[in-house]
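**Q** Below are the structure tokens for one structure; questions will follow.
Values in this text are rule-based calculations from the coordinates and carry no lab data. Treat the numbers as computed from the prediction; the structure is a model and nothing was measured. So basically every Cβ, Gly included, is an ideal-geometry build from the backbone, and we count neighbours across all protein chains shown.
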Amino acid sequence: MKFVYDFTEGNKDLKDLLGGKGANLAEMTNLGLPVPPGFTITTEACKVYLDSGEEPAALRDEVSAHLDALEQRMGKKLGQPDNPLLVSVRSGAKFSMPGMMDTVLNIGLSDKSVQGLAKQAGDDRFAWDSYRRLIQMFGKTVLGVDGELFEDALEAAKAAKKVTVDTELEAADLKKLVTKFKKIVKAEAGRDFPQDPREQMDLAIKAVFDSWNGDRAKLYRRQERIPHDLGTAVNVCSMVFGNLGPDSGTGVAFTRDPASGHQGVYGDYLQNAQGEDVVAGIRNTVPLAELERIDKKSYDQLMQIMETLENHYKDLCDIEFTIERGVLWMLQTRVGKRTAGAAFRIATQLVDQGLIDEAEALTRVNGAQLAQLMFPRFDEDAKVQQVGRGIAASPGAAVGKAVFDSYTAVKWSRSG
């Protein structure tokens, strides 16, 4: 059995084997879109690992062969001291489970290779920022260190510098933060942060496999009626950097408004940032339309790609992208989640455009969505007085006490 597929070998119909993310990365690669090279470890490998507690015997050699091919293609080796290849390790199950499983970026950075990255990029600040992000993600995700400890250290560094956002910290501040983060790892995990890039990658792959059975993932699957025996694929992708300065950034985009179904430019963009920054809500994003002013060339290319993807998938597409020094890269696409109202509107629009027929449109909406449309709603035309502004988050309404972890929520609900 083959456990590893290059992005050039798969397609969107292999979601059972490559997971949604891996299958769609392969599909975008086949379409000739700008996808950073990489490979996918299959859900079958994950199932063997979860059943036996050990990865398949053949997996390490297959990963090594694909890593060698990736290194040859990129012209540099994983963690190479003078010019390191860095990779991300990301989960990707058959069904979308946003935020439920683990991701580690910048794998391959170490005390030696951070110097090489700084030299290659001509930017010390960028290199040390990337290194502190790796230790923070790796510590939390792979070694089980409480993420708050890293956040507290980061906040203390900003307070000492009298600044409010991460981007105002300088290379010297981030270098000190790396030292602090390594001490946190040593104290909490009982081991040093690994300096061997291959050990970093192997441990991250196992952590992604393990995250399939994390509490959040299990609860999410139960609620969404996703089977528990599918396992997750793992995508190892060469890194592209949105945190290289003001001509770089990262964003999310939708080919239509997932809240209303209207056509237009929808999404968020954040300059000088890596992927997690956009969805974490730590810094305020700008509307995607602002990208036209910031980087017209990348904006026009993105609009063209979004049209290509929507026509190819014949549906609303949800996209993640990074711009590295003015060069656009596609990191993910999937058929996007939407509100009930948007589901009906998009289905009828696609029929009108001739992309799908009426029989297909009927399968795109379900009874539960129809029931949602029957609930009372605020009148959109009513006169309103603005009381505040914020980042739009999950739609919905509720009343009761706010609880901030699932264990307490379950405990309270059981006791009435």
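**Q** Which of the aspartates and glutamates could be linked to Lys218 by a straight reach, that is with a Cα gap under 13 Å, when you skip same-chain ones fewer than 8 residues away?
**A** The reachable aspartates and glutamates, counting only those whose Cα sits under 13 Å from Lys218, are Asp210, Asp229.
**Q** Calculate how steeply helix 197-211 sits against the longest principal axis of the alpha-carbon atoms of the chain, using the helix alpha-carbon long axis, and give the answer as 0 to 90 degrees to the nearest 10.
**A** 30 degrees
**Q** Measure nothing but the geometry: give the 0 to 90° angle between the long axis through the Cα atoms of 340-352 and the longest principal axis through the Cα atoms of the chain, rounded to 10°.
**A** 80 degrees
**Q** For q = 0.13, 0.17, 0.18, 0.24 Å⁻¹, what log10 I(q)/I(0) does the range 306-401 give under the Debye formula with an equal point scatterer on each alpha carbon and no solvent?
**A** Debye curve over Cα of the range 306-401, log10 I(q)/I(0) at q = 0.13, 0.17, 0.18, 0.24 Å⁻¹: -0.71, -0.99, -1.04, -1.26.
**Q** Quick check: the angle from helix 215-224's long axis to the longest principal axis of the chain, C-alpha only, nearest 10 degrees?
**A** Approximately 20 degrees, to the nearest ten.
**Q** Near Ser88, within a Cβ-to-Cβ distance under 12 Å, what is the net charge of the other residues, with Lys and Arg +1 and Asp and Glu -1?
**A** Around Ser88, the charge tally is 0.
**Q** Okay, moving on. If the viscosity is 1.567 mPa s and the temperature 4 °C, what translational diffusion coefficient in µm²/s does Stokes-Einstein give for the range 240-375 when Rh comes from Kirkwood over Cα pairs?
**A** D = 83 µm²/s.
**Q** Additional query: Between Met303 and Arg389, with labels modelled 7 Å along Cα→Cβ, what's the label distance in nm to one decimal, could you check?
**A** 2.5 nm
**Q** From the P(r) of the chain, could you give the percentage of C-alpha pairs in the tail past 27 Å?
**A** In whole percent, the share of Cα-Cα pairs in the chain beyond 27 Å is 56.
**Q** Going by average Cβ density within 10 Å per residue, which order do the peptides 296-303, 200-207 take, highest to lowest?
**A** Top of the packing list down: 200-207, 296-303.
**Q** Additional query: Can you pull the percent of Cα pairs in the range 1-77 with separation above 19 Å?
**A** 39 percent
**Q** Additional query: Which ³J(HN,Hα) values, rounded to whole Hz and listed in residue order, are derived for the range 264-274 from phi using the Karplus coefficients 6.51, -1.76 and 1.60 in 6.51 cos²θ - 1.76 cosθ + 1.60 with θ = phi - 60°, glycine and proline given as x?
**A** Each residue of the range 264-274 in turn: x, 9, 10, x, 9, 9, 9, 6, 6, 8, 9 Hz.
**Q** What distance in nm lies between label points placed 7 Å from Cα along the C-beta direction at Val165 and Gln195?
**A** For the pair Val165/Gln195, the computed spacing is 3.6 nm.
**Q** Here's a follow-up. Where does the range 108-207 land on Rg(C-alpha)/(2.2 N^0.38 Å)?
**A** Expressed relative to 2.2 N^0.38 Å, the Cα Rg reads 1.05.
**Q** How large, in Å, is the range 50-183 by the Kirkwood hydrodynamic radius built from its alpha-carbon pairs?
**A** Roughly 16.7 Å, rounded to one decimal.
**Q** With r as the distance between the Cβ atoms of Leu50 and Gln72 and R0 = 30 Å, compute the FRET efficiency 1/(1 + (r/R0)^6) and round to 0.05.
**A** 0.40
**Q** When ranked by the protection proxy of mean other Cβ atoms within 10 Å per residue, highest first, what sequence do the peptides 135-141, 181-187, 321-327 form?
**A** Output ranking for 135-141, 181-187, 321-327: 135-141, 321-327, 181-187.
**Q** Then there's this: Could you sort out which of Lys12/Lys314; Lys140/Lys175; Lys47/Lys314; Lys2/Lys112; Lys161/Lys297; Lys112/Lys182 sit more than 24 Å apart by Cα distance in this structure?
**A** Lys47/Lys314; Lys2/Lys112; Lys161/Lys297
**Q** For the chain, what is the mean residue ellipticity at 222 nm derived from helices alone (per DSSP H run of n ≥ 4: -39500 (n - 2.57); sum divided by total residues; nearest 500 deg cm²/dmol)?
**A** -14000 deg cm²/dmol
**Q** Here's a follow-up. Quick one: if you stick a label point 7 Å off each Cα along the C-beta vector at Asn284 and Leu355, how many nm between them?
**A** Inter-label distance under the simple model: 3.3 nm.
**Q** Using the per-residue mean of other Cβ atoms lying within 10 Å as a proxy for protection, in what order, highest first, do the peptides 262-269, 161-168 fall?
**A** Going by the mean number of other Cβ atoms within 10 Å, highest first, we get 262-269, 161-168.
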